[in-house]
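Visitor: Sending over a structure as structure tokens; questions will come in a sec.
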Amino acid sequence: MFLRRVAKGQCFYRPYLGTRECSLHFSLPEDDDQAIPDTMDIGPMLFDLKYPADPGQKNARAIPYFFNAKLDRGILHVPEYLYKEVDG
């Protein structure tokens, strides 16, 4: 199902980098696709928001999770621990 939807460019929400104003186009990689050769420090980037387990709690607010984004030869690496912290 995932491969079929990616091949057609279908998604429920478009992926984005940090803010929804920076939405992305995505597709399956072609055989001759290569990452761009650029390496740069992008700076703080929003990963996700963690919402409280009890939304009825007084003064409950979402906690933003940021990471220091860096492009390494065209590849943006997202720290693994963030996935566990936000989902856990």
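Just so you know, all these numbers are worked out from the coordinates, no wet-lab data involved. Model, not experiment: these values are computed from the prediction. Cβ coordinates were reconstructed from backbone atoms using ideal geometry, including for glycine residues, and neighbour counts include every protein chain displayed.
Visitor: What number comes out for the charge environment of residue 36, summing +1 per Lys or Arg and -1 per Asp or Glu over other residues with Cβ under 15 Å away?
Guide: -3
Visitor: Right, another one. Can you pull out the chymotrypsin sites (Phe, Trp or Tyr not before Pro) in the stretch 1-40 whose DSSP state is coil and whose Cβ has at most 15 other Cβ atoms within 10 Å?
Guide: Those that pass, being in a loop and sparsely packed, are 12, 13, 26.
Visitor: Principal axis lengths of the stretch 1-51 from Cα atoms, whole Å, largest first?
Guide: Sorted from largest, the Cα extents of the stretch 1-51 read 34, 32, 18 Å.
Visitor: Follow-up. Can you give the relative contact order of the chain as a percent, counting alpha carbon pairs under 8 Å and 6+ residues apart?
Guide: Relative contact order comes out at 24 percent.
Visitor: Among all lysine pairs in the chain that are eight or more places apart or on different chains, how many have alpha carbons less than 26 angstrom apart?
Guide: Taking the chain as the scope, the lysine pair count is 5.
Visitor: Explain nothing, just the number: dipole magnitude of the chain about its Cα centre with +1 on each Lys and Arg Cβ and -1 on each Asp and Glu Cβ, in debye rounded to the nearest 20.
Guide: So the magnitude is around 540 debye.
Visitor: Same structure again: Normalised by the empirical 2.2 N^0.38 Å for globular proteins, what value does the Cα Rg of the chain take?
Guide: Output field value: 1.35.
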